[in-house]
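Student: Below is the structure I would like to discuss, written out as structure tokens.
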Amino acid sequence: MRVYPVPVQGAAAAPAIVEALALASARADCDVLILARGGGSLEDLWAFNDERVARAIRACSVPVVSGVGHEIDFT
């Protein structure tokens, strides 16, 4: 198991998530990546709605499973 710690809210979150996904993709030393975060306000979760994050997931050579929010949250 390898952990890529990144901020998950705020202005730095989306670029950091993108960078971590690119690094994990380049290393390709795992079978799957898990991108997860618990719930929060819409603003707190907004980094996961960023198009750059979606494109980084699409470009990743390793399958990505995401789990964001709680029952009432959406992204």
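Student: Taking the condition of being at pLDDT 95 or above, among the hydrophobic types (A, V, I, L, M, F, W, C) and out of contact with any Gly (no Cβ under 8 Å at 6 or more places or on another chain), how many residues in the stretch 31-75 meet it?
Tutor: 11
Student: Then there's this: Among the residues of the stretch 17-52, which ones are crowded, with 18+ Cβ neighbours inside 10 Å and in contact with a Pro (Cβ under 9 Å, 6 or more places away or on another chain)?
Tutor: So in the stretch 17-52, the residues crowded, with 18+ Cβ neighbours inside 10 Å come out as 17-18, 21, 24, 33, 35, 37, 45, 47-48.
Scanning the stretch 17-52 gives I17, L33, A47.
Student: For R58, indicate whether it is in contact with a helix residue (DSSP H, G or I) (Cβ under 8 Å, 6 or more places away or on another chain) and of a type in the set (K, R). Steps first, answer last, please.
Tutor: On the way: in contact with a helix residue (DSSP H, G or I) (Cβ under 8 Å, 6 or more places away or on another chain): no; of a type in the set (K, R): yes.
So R58 does not fit the description; no.
The values are calculated or read from the model by the stated rules, or taken from the named source; none is laboratory data. Bear in mind that the values here come from a model prediction, so they are computed numbers and not experimental data. When we count neighbours, we look across all protein chains shown, and the Cβ atoms used for this are built from the backbone with ideal geometry, even at glycine.
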